[in-house]
Amino acid sequence: MKKFFILSFLVLLSVASVAQAPDEDQLGAWYMYFFNKRFSESSFGIQGDFQYRAWNAGSDMEQLLLRSGATYRPKNTDVLFTLGYAYVSTGAFGENDATTTESRIYQEMLLPQKVGNRFFFTHRFRYEQRWMEDLDFRTRFRYNLFLNVALNNTQLTAKTIYLALYNEIFINGQRSIGNGLTVDYFDRNRTYLGVGYGLTTKLRVQAGWMKQTTASWGKGQMQVSLHHNF
């Protein structure tokens with residue numbers, strides 16, 4: 001009888017775990033606002049982004065991310081350095097309303113590159129220091145290659161239609177994360193394809209689809225984003 005109860009408990013635990021796994025066939029949605037401000041006649045500025053991410057179209061929160069930092073652009077270059085902070089609240093998949101919080105400090109370098117008349121590349125290197133609820137301090141390395149392809153213009157200005165693509169890979173700095181838990185060095189990969197439109201010279205809107213692949217699951221996400229330089 002004792003063995004029966006133990007076996008039943010393990011089966012129920014397994015079913016519960018499966019029930020909480022993300023539905024890989026369900027399209028999620030990310031709604032994002034990015035901003036960048038360069039102070040007049042200065043090498044310094046600010047940048048950041050506010051994001052609401054959902055496991056579904058919007059009611060089942062995956063993450064709320066609030067991120068901002070101070071930027072520095074050396075004179076006579078296009079390279080942009082950032083030191084910033086991010087607050088992240090992550091929700092569980094499904095009807096579970098539990099959330100966990102995370103604080104991050106990050107350092108970033110953006111390196112833009114134009115190829116030909118219409119291909120705008122940006123290399124982004126980011127290093128994160130992460131304090132996650134009930135887990136050990138950990139770090140993560142990220143590299144993102146962005147490509148915007150202007151279709152009806154040679155600059156990303158007002159009334160320009162463009163293709164937007166990127167691929168970003170995440171690598172964990174540690175495997176042990178506390179409480180006897182471990183993760184792979186490979187954290188996740190994101191591949192995105194979308195289309196954008198220049199509303200003004202300083203404001204662009206984008207919409208597209210992103211596939212996020214982790215060590216244990218992969219899921220498609222719809223993305224809608226507003227990009228603001230002011």
* To do: Out of R118, R104, R73, report the one residue that is within 28 Å of G218 (Cβ to Cβ), surrounded by 15 or more Cβ atoms within 10 Å (Cβ to Cβ) and at pLDDT 95 or above.
  => R104
* Structure fact -> All conditions in (1) surrounded by 14 or more Cβ atoms within 10 Å (Cβ to Cβ); (2) farther than 26 Å from V205 by Cβ are true of T82 except (2)
* For segment 74-92, what are the residues that are free of Cβ contacts under 8 Å to residues at least 60 places away in the same chain and either farther than 21 Å from H123 by Cα or assigned to a strand (DSSP E or B) (or both)? -> L80, F81, T82, L83, G84, Y85, A86, Y87, V88, S89, T90, G91
* **Selection within segment 196-221 - surrounded by 15 or more Cβ atoms within 10 Å (Cβ to Cβ), closer than 22 Å to G58 by Cβ and either of a type in the set (V, I, T) or touching a Ser or Thr at 6+ places or on another chain (Cβ under 9 Å) (or both)** => G196, Q206, G208, M210, Q212, T214, K219
* **Options L147, L226; residue that is within 15 Å of the chain's Cα centre (by Cα) and either loosely packed, with under 14 Cβ neighbours inside 10 Å or not in a loop (DSSP other than H, G, I, E, B) (or both)** => L226
* Asked: When only residues in segment 40-54 that are modelled with pLDDT of 95 or more and not small (G, A, S) count, which is nearest to G91 (Cα to Cα)?
  -> R53
* Asked: Which members of segment 125-144 meet the condition of being among the aromatic types (F, W, Y) and surrounded by fewer than 15 Cβ atoms within 10 Å (Cβ to Cβ)?
  -> F125, Y127, W131, F137, Y143
* Failed item in (1) assigned to a loop (DSSP other than H, G, I, E, B); (2) hydroxyl-bearing (S, T, Y); (3) under 30 Å from S40 (Cα atoms), with S216 passing the rest -> (3)
* Asked: With T71, T101 as the choices, which residue is over 24 Å from L203 (Cα atoms), outside any loop (DSSP other than H, G, I, E, B) and not hydrophobic (A, V, I, L, M, F, W, C)?
  -> T101
* Structure fact -> If we ask which residues in segment 36-62 are touching a residue at least 24 places away in the same chain (Cβ under 8 Å), under 21 Å from Q206 (Cα atoms) and surrounded by fewer than 17 Cβ atoms within 10 Å (Cβ to Cβ), their number turns out to be 4
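The values are calculated or read from the model by the stated rules, or taken from the named source; none is laboratory data. Everything numeric here is computed off the predicted structure, so don't read it as measured data. Note that each Cβ is placed from the backbone with ideal geometry, even for glycine, and that neighbours are counted across all protein chains shown.
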